[in-house]
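To start, the structure under review is shown below, and the notes come after it.
The values are calculated or read from the model by the stated rules, or taken from the named source; none is laboratory data. Here the structure is a predicted model, which is why all the values come from computation and not from measurement. Here Cβ is always computed from backbone atoms with ideal geometry, including for glycine, and neighbour counts include all displayed protein chains. To get the accessible areas, we keep the full protein, side chains included, count just its heavy atoms, and leave off ligands, DNA and RNA. Shrake-Rupley method; radii C 1.70, N 1.55, O 1.52, S 1.80 Å.
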Amino acid sequence: RQHEAPRRVKRAWVIPPISVSENHKRIPHLLVQIKSDKQQPGGVIYSIKGPGVDEEPLGIFSIDKFSGKVFLNAMLDREENDRYRLRAFALDLGGVTLEDPTDLEIIVVDQNDNRPLFRQDVFTGRVVEGAEPGGSGRGGWAGGLSRPLRRHPPGASAATGTCVMTVDATDADDPDTDNAALRYSILEQGPAGMFSINATTGEICTARPGLDRETMGVYNLTVQAADMSGDGLTTTAMAVIYLEDINDNPPEFTKEEFSMEMEEQAVGVDVGKVFVHDKDLAGSPSWLAKFTILEGDPEGAFAIRTDPHTNDGVLSVVKPLDHEVRDRFELTVSVQNERPLEPSAPASPRALATVRVRVRDVNEAPVFRENPRRISVLEGTPPGTAITTYTASDPDTHQIQTLSYALLYDPADWLQLDPHAGTVRTKRELLHPSAFLQGGWYIALVLARDDAEPPLSATGTLSIEILEVNDHAPQLQPPAGTLCGRPGRGGTLLLGATDDDRPPHGAPFHFQLSPEHPQLARNWSIARFNGEVTHAVLAVLAELPEGPYSLPLLLRDSGTPPREQQQLLNLSVCHCGRDGTCLDGVLAAATAGAGITLGALMIILGSTIILLGDRRRALRKGLLQRSRDDMRDNILNYDEQGGGEEDQDAYDINQLRHPELFSTRAKPPLRRDAPLGSGTPLVPRKLPSSPSDIEDFINEGLEAADSDPSVPPYDTALIYDYEGSGSVASPLSSIVSSLTDEDQDYDYLSEWGPRFRRLADLYG
């Protein structure tokens with residue numbers, strides 16, 4: 001197809017931009033008249049559309065539809081809308097478009113109708129005191145909307161010196177016009193004129209040297225922003241500049257001398273304060289003080305610290321002071337800052353002050369110089385013996401005082417104390433063992449008190465070691481035994497001993513046959529048992545007949561001096577088998593002790609009477625009916641009142657019937673219940689040769705017991721143990737052989753005491 005030639009737009013229908021000033025007050029105001037080249041008189045209808053016409057904001061513009069004149073109907077504000085773009089239309093009377101729509105642009109021209117506005121009402125910044133002008137000092141920073149501080153490039157319009165902050169403002173007017181061209185200035189800052197401002201950027205910097213926080217710590221500047229390059233509308237704001245402190249002032253004492261007092265013996269208490277002044281900012285590191293005691297305290301009795309709230313020095317005592325030793329101190333104290341002074345600060349000597357401290361005398365408690373006091377006392381020390389003098393001293397040498405003493409703790413009531421001299425004596429014997437001893441030590445407390453008002457006291461510990469004394473001989477354990485009667489296997493017996501004394505007065509023990517009877521060595525020997533210190537072995541050297549033996553032994557301990565005691569070992573020699581053990585039935589009481597006391601003898605007699613009486617009554621009543629039961633039973637001991645613990649088993653009456661079996665090689669039994677050192681008859685009593693002599697034998701033993709002056713009222717240990725096979729109980733009737741059960745008078749039993757009262761009731 002053939003291209004159509006471009007259509008020519010008629011110049012009358014092209015409308016150039018229209019400018020109108022904001023805030024135009026003559027309303028309505030003709031802006032422009034549009035025309036169509038196809039205009040026919042009264043035949044063209046004009047209209048406009050767009051913002052300000054039929055779009056928000058409505059009613060600002062209008063058009064005369066017949067003449068094409070466009071009018072402004074309201075005041076315009078460039079800050080709200082700086083231009084309007086409308087569309088213009090031309091129609092015939094029938095509504096047919098005569099022209100293509102054309103653009104109509106209305107430009108709002110700015111007027112200086114807005115003042116500058118600072119972004120903040122108050123700007124804050126900080127700069128160190130002493131900052132130098134000319135850009136060689138320390139940098140600062142700005143509060144509020146802060147930005148990095150910078151040095152202006154060469155040729156820029158800037159304030160000189162150390163920059164502190166930047167103030168900035170805005171203007172709503174057209175930035176491309178002088179209406180928004182702002183200039184900054186400082187209206188007021190005081191007479192010194194320490195700061196300047198960059199008129200274009202609003203940057204505030206130091207202008208002069210001499211910023212001193214101690215002279216003026218805060219600067220309040222009134223700054224202004226003006227448009228029209230400084231000739232138009234203006235606004236103001238506050239710029240507050242704080243000076244940062246540096247340590248350019250050393251601390252100083254408020255006076256050269258300080259006086260204080262304190263009581264002696266006080267520890268950990270504050271004595272007083274030394275006051276200082278520092279011009280630097282309170283609470284800052286440049287303000288904090290540090291104190292040092294230079295002289296006057298060689299013992300280190302005092303300490304000084306800094307009060308963090310007041311910065312003063314607090315003097316305290318860390319060691320007890322004695323008024324009697326030294327009553328006055330003169331200290332030299334220095335002060336300086338924790339942080340060193342700035343190099344720019346003027347040089348000055350370190351501040352010094354003299355602190356005089358007086359120590360006041362107070363009543364002090366007595367002191368036991370030796371506490372605890374340890375002494376040693378022999379066991380058994382008699383009452384009234386002075387064992388020590390335990391006294392205290394009074395530190396108050398400048399005061400006349402008297403000390404008195406008392407026993408504060410004496411659990412066993414063993415001691416007595418002189419209240420004036422402090423001499424400690426025994427009130428009773430100190431014996432071992434005791435529940436009041438702890439590891440051999442007795443602990444007592446002594447109270448010392450002065451006569452001041454109020455009185456003070458002190459407690460001293462008296463530790464008394466009770467030294468062991470060898471006052472006990474070893475005891476044979478056990479005191480009886482059984483062994484075979486031939487040498488070799490079975491012919492030995494293990495012996496032991498105990499000692500009530502503590503080491504070293506006890507074991508090892510020494511066992512030996514009585515040296516008073518050297519003939520015993522022919523039949524017996526004693527040797528140490530495998531190196532034991534408490535046991536030995538008794539051995540038979542020659543074959544012995546069966547029966548009981550009483551073997552006197554001598555036992556000795558290892559004390560200093562050693563204690564020894566002769567004791568009787570009651571033995572039963574039995575008939576042994578091939579394996580070295582006793583054959584059954586040989587001895588009825590093989591393991592029983594061979595001793596018998598007078599009390600046991602009385603029990604035997606009483607029991608025999610009861611047995612005989614019961615037997616006769618049983619025979620009369622026909623109960624036994626010629627019973628062949630052997631009446632020679634073992635006589636057991638019930639409720640013995642004798643004196644020895646060896647009398648607790650059955651009694652062997654075999655010696656009464658067969659005295660020929662009793663060995664005369666051994667010494668008669670030694671009475672173990674007799675006091676230490678009691679004598680033993682040099683010649684044993686002759687045993688009866690026949691049963692008819694038993695009464696005389698018993699009477700002789702009773703007489704020996706009654707006439708022994710060394711151990712009344714103890715009885716003599718005699719041997720009545722076993723009723724052997726084939727023996728009859730009737731030989732005992734030789735005591736009262738002429739009496740029958742009916743003829744016997746038992747009334748005398750009531751005179752024998754309460755333990756025979758039951759027999760008296762049965763037979764009396």
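Quick check on this structure: which one of LEU430, LEU447 is out of contact with any Lys or Arg (no Cβ under 6 Å at 6 or more places or on another chain), crowded, with 17+ Cβ neighbours inside 10 Å and under 23 Å from GLU379 (Cα atoms)? Show your work before the answer.
Values: LEU447 fails: under 23 Å from GLU379 (Cα atoms).
Of LEU430, LEU447, the one residue that is out of contact with any Lys or Arg (no Cβ under 6 Å at 6 or more places or on another chain), crowded, with 17+ Cβ neighbours inside 10 Å and under 23 Å from GLU379 (Cα atoms) is LEU430.
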In the range 396-416, residue most open to solvent (accessible area, probe 1.4 Å) [restricted to those that are touching a strand residue (DSSP E or B) at 6+ places or on another chain (Cβ under 6 Å) and within 15 Å of PRO366 (Cβ to Cβ)]: LEU408
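Which one of these is open to solvent by 40 Å² or more (accessible area, probe 1.4 Å) and more than 45 Å from the chain's Cα centre (by Cα): THR234, THR206? Write out each step before concluding.
Details: THR206 fails: open to solvent by 40 Å² or more (accessible area, probe 1.4 Å).
Just a single option satisfies the conditions, and that option is THR234.
So which of PHE291, PHE275 is open to solvent by less than 50 Å² (accessible area, probe 1.4 Å), in contact (Cβ under 8 Å) with a residue 24 or more places away in the chain and under 44 Å from the mean Cα position of the chain (by Cα)? Before you say what the answer is, go through the steps one by one.
Working: PHE275 fails: open to solvent by less than 50 Å² (accessible area, probe 1.4 Å).
On inspection, the qualifying residue turns out to be PHE291.
Go through the range 168-184 and report how many residues are of a type outside the set (A, V, I, L, M) and open to solvent by less than 40 Å² (accessible area, probe 1.4 Å). Break it down stepwise before answering.
The first filter runs over the range 168-184 and keeps only residues of a type outside the set (A, V, I, L, M), leaving 168, 170-171, 173-179, 183-184.
Those left that are additionally open to solvent by less than 40 Å² (accessible area, probe 1.4 Å): 168, 171, 173-174, 179, 184.
Here the count works out to 6.
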Residues of the range 482-510 satisfying the condition of being crowded, with 21+ Cβ neighbours inside 10 Å, under 51 Å from the mean Cα position of the chain (by Cα) and among the aliphatic types (A, V, I, L, M): ALA497
Meets criteria (in contact (Cβ under 8 Å) with a residue 12 or more places away in the chain, under 30 Å from GLU342 (Cβ atoms) and part of a loop (DSSP other than H, G, I, E, B)) for PRO209: yes
So ARG369, is it within 27 Å of PHE275 (Cα to Cα), open to solvent by 80 Å² or more (accessible area, probe 1.4 Å) and not acidic (Asp, Glu): no
Per-region count, the range 70-97, residues hydroxyl-bearing (Ser, Thr, Tyr) and either open to solvent by 80 Å² or more (accessible area, probe 1.4 Å) or farther than 20 Å from VAL14 by Cβ (or both): 1
Number of the exception - THR482 against (1) touching a residue at least 24 places away in the same chain (Cβ under 8 Å); (2) not assigned by the TED database to the domain that holds ALA536: (2)
Single residue of SER47, SER67, SER62, SER19 found to be part of a strand (DSSP E or B), loosely packed, with under 14 Cβ neighbours inside 10 Å and either at pLDDT 85 or above or in contact with a Lys or Arg (Cβ under 7 Å, 6 or more places away or on another chain) (or both): SER19
Which listed residue, of PRO308, PRO320, PRO285, PRO298, is modelled with pLDDT under 95 and either closer than 20 Å to GLU261 by Cβ or part of a strand (DSSP E or B) (or both): PRO320
Output for the range 240-271, where each listed residue is assigned to a strand (DSSP E or B) and free of Cβ contacts under 8 Å to residues at least 60 places away in the same chain: VAL269, ASP270
Within the range 376-395, tally of residues that are loosely packed, with under 14 Cβ neighbours inside 10 Å, under 18 Å from LEU445 (Cα atoms) and of a type outside the set (S, T, N, Q): 1
Test set (1) under 24 Å from ASP121 (Cβ atoms); (2) crowded, with 16+ Cβ neighbours inside 10 Å; (3) not polar (S, T, N, Q) - ILE246 fails condition number: (1)
In the range 466-481, residue surrounded by the most Cβ atoms within 10 Å (Cβ to Cβ) [restricted to those that are at pLDDT 80 or above and within 30 Å of ALA412 (Cα to Cα)]: PRO474
Selection count where residues are open to solvent by less than 40 Å² (accessible area, probe 1.4 Å) and farther than 19 Å from SER558 by Cβ, scope the range 511-524: 6
